[in-house]
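Notes for the one structure printed next.
The values are calculated or read from the model by the stated rules, or taken from the named source; none is laboratory data. This structure is a prediction, so every number in the text was calculated from the model and none was measured. Here Cβ is always computed from backbone atoms with ideal geometry, including for glycine, and neighbour counts include all displayed protein chains.
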Amino acid sequence: MKFFHKDSFDVKTKGFNDIIDVTGEVISILKKSQINNGALNVFVVGSTVGVTTIEYEEGALSDFKEAFDRVAPMDAFYAHNQRWGDGNGFSHIRAAILGPSLSVPFSKNLIELGTWQQIVLVDFDNRPRNREVIVSIHG
């Protein structure tokens, strides 16, 4: 009997608070694992990107983006920008607040998300990126 499965997929992003629903890809990996009960971890590689759950609806997404604009404005002073000159200090702060991983339980090979709850990747960087998402499944 199998108790661990790991897989990954890539996501092309636009940056600047680009929010991408990755629920389908995560469910596909869970089904492929053939593990019936346990928890899965979704981890996104990078220091300017995060992952969470949200209702993937235009109003909620707009509110989410505006909240991050208030918490870590793009035009604020960031020492990171002074050192590296890449202008993405805000994106590092936003990603650190959101976090790079999410744990979700599953049973009978079905993910246990709420009716309106989707897993989303949020790319805060100031340019398009290709992001790797790693899914680890523990049963």
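Only one residue in PHE68, PHE3, PHE43, PHE9 is among the aromatic types (Phe, Trp, Tyr), farther than 18 Å from GLN117 by Cα and buried (at least 16 other Cβ atoms within 10 Å of the Cβ), so which one is that?
The match here is PHE68.
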Seminar exercise, completed: Picking from SER91, SER107, SER101, the residue that is among the small types (Gly, Ala, Ser) and buried (at least 16 other Cβ atoms within 10 Å of the Cβ) would be SER91
Problem set entry | Residue match in the stretch 83-103 (condition: modelled with pLDDT of 95 or more, within 18 Å of VAL135 (Cβ to Cβ) and touching a Leu at 6+ places or on another chain (Cβ under 6 Å)) | no
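Quick one: would you say ARG83 is surrounded by fewer than 14 Cβ atoms within 10 Å (Cβ to Cβ), of a type in the set (D, E, K, R) and either farther than 19 Å from PHE16 by Cβ or in contact with a Cys (Cβ under 9 Å, 6 or more places away or on another chain) (or both)?
yes
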Problem set entry | Any helices (runs of 4 or more DSSP H) falling wholly within the stretch 1-104 and containing at least 3 residues that are in contact (Cβ under 8 Å) with a residue 40 or more places away in the chain and among the β-branched types (Val, Ile, Thr) | 23-33
